[in-house]
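*Asks:* I have a structure here, written as structure tokens, and I will follow up with some questions on it.
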Amino acid sequence: MEEDLSYVGIENPVIIRKNVLESSKLVLQNLQIMEDIKDVRGRKAKSEKRLNDQISELRDEIRKLRRVLPNIKPASGASKRKPRAIEDLEKELEAVERELDNVKR
């Protein structure tokens with residue numbers, strides 16, 4: 001049995017080949033871009049995990065520091081104002097905690 005073969009003529013085959021090759025090139029460029037995006041996402045996830053670990057560690061250290069620091073209550077006749085050094089430390093701790101909360105969000 002002979003198969004009936006048909007041939008179709010293509011006008012401007014060079015232009016069609018050129019277009020196909022350009023399309024293939026664009027597909028490969030897009031695949032490379034997607035691989036780069038995957039790489040960036042992976043690095044971002046690792047950085048976020050490392051940052052969250054450091055934030056947790058800092059919070060633990062702040063809790064330890066608060067436990068170690070004495071809880072000084074002024075005498076009834078003494079000034080109710082805390083010493084300046086303690087106020088400064090508390091302000092710094094509060095600022096660090098606010099920054100940690102902002103970063104966590």
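The values are calculated or read from the model by the stated rules, or taken from the named source; none is laboratory data. Given the structure is predicted, the values throughout are model-derived calculations rather than measurements. Note that we place each Cβ from the backbone using ideal geometry, even for glycine, and neighbour counts take in every protein chain shown.
*Asks:* For residues that are over 18 Å from Asn102 (Cβ atoms) and basic (Lys, Arg), scanning just segment 50-75, find the one that is farthest from the chain's Cα centre (by Cα).
*Replies:* Lys73
*Asks:* Does Met34 satisfy being at pLDDT 95 or above and over 29 Å from Asn102 (Cα atoms)?
*Replies:* Yes, satisfied.
*Asks:* While we're here: Could you tell me whether any residue of segment 71-79 is surrounded by 10 or more Cβ atoms within 10 Å (Cβ to Cβ) and in a helix (DSSP H, G or I)?
*Replies:* Scanning segment 71-79 turns up no residue that is surrounded by 10 or more Cβ atoms within 10 Å (Cβ to Cβ) and in a helix (DSSP H, G or I).
*Asks:* Can you confirm whether segment 29-52 contains a residue that is in contact (Cβ under 8 Å) with a residue 24 or more places away in the chain and either among the acidic types (Asp, Glu) or surrounded by 10 or more Cβ atoms within 10 Å (Cβ to Cβ) (or both)?
*Replies:* Looking for residues that are in contact (Cβ under 8 Å) with a residue 24 or more places away in the chain and either among the acidic types (Asp, Glu) or surrounded by 10 or more Cβ atoms within 10 Å (Cβ to Cβ) (or both), one finds at least one in segment 29-52, hence yes.
*Asks:* Would you call Val20 of a type in the set (A, V, I, L, M) and either part of a loop (DSSP other than H, G, I, E, B) or at pLDDT 95 or above (or both)?
*Replies:* Numbers: of a type in the set (A, V, I, L, M): yes; either part of a loop (DSSP other than H, G, I, E, B) or at pLDDT 95 or above (or both): yes.
Against the criterion (of a type in the set (A, V, I, L, M) and either part of a loop (DSSP other than H, G, I, E, B) or at pLDDT 95 or above (or both)), Val20 qualifies.
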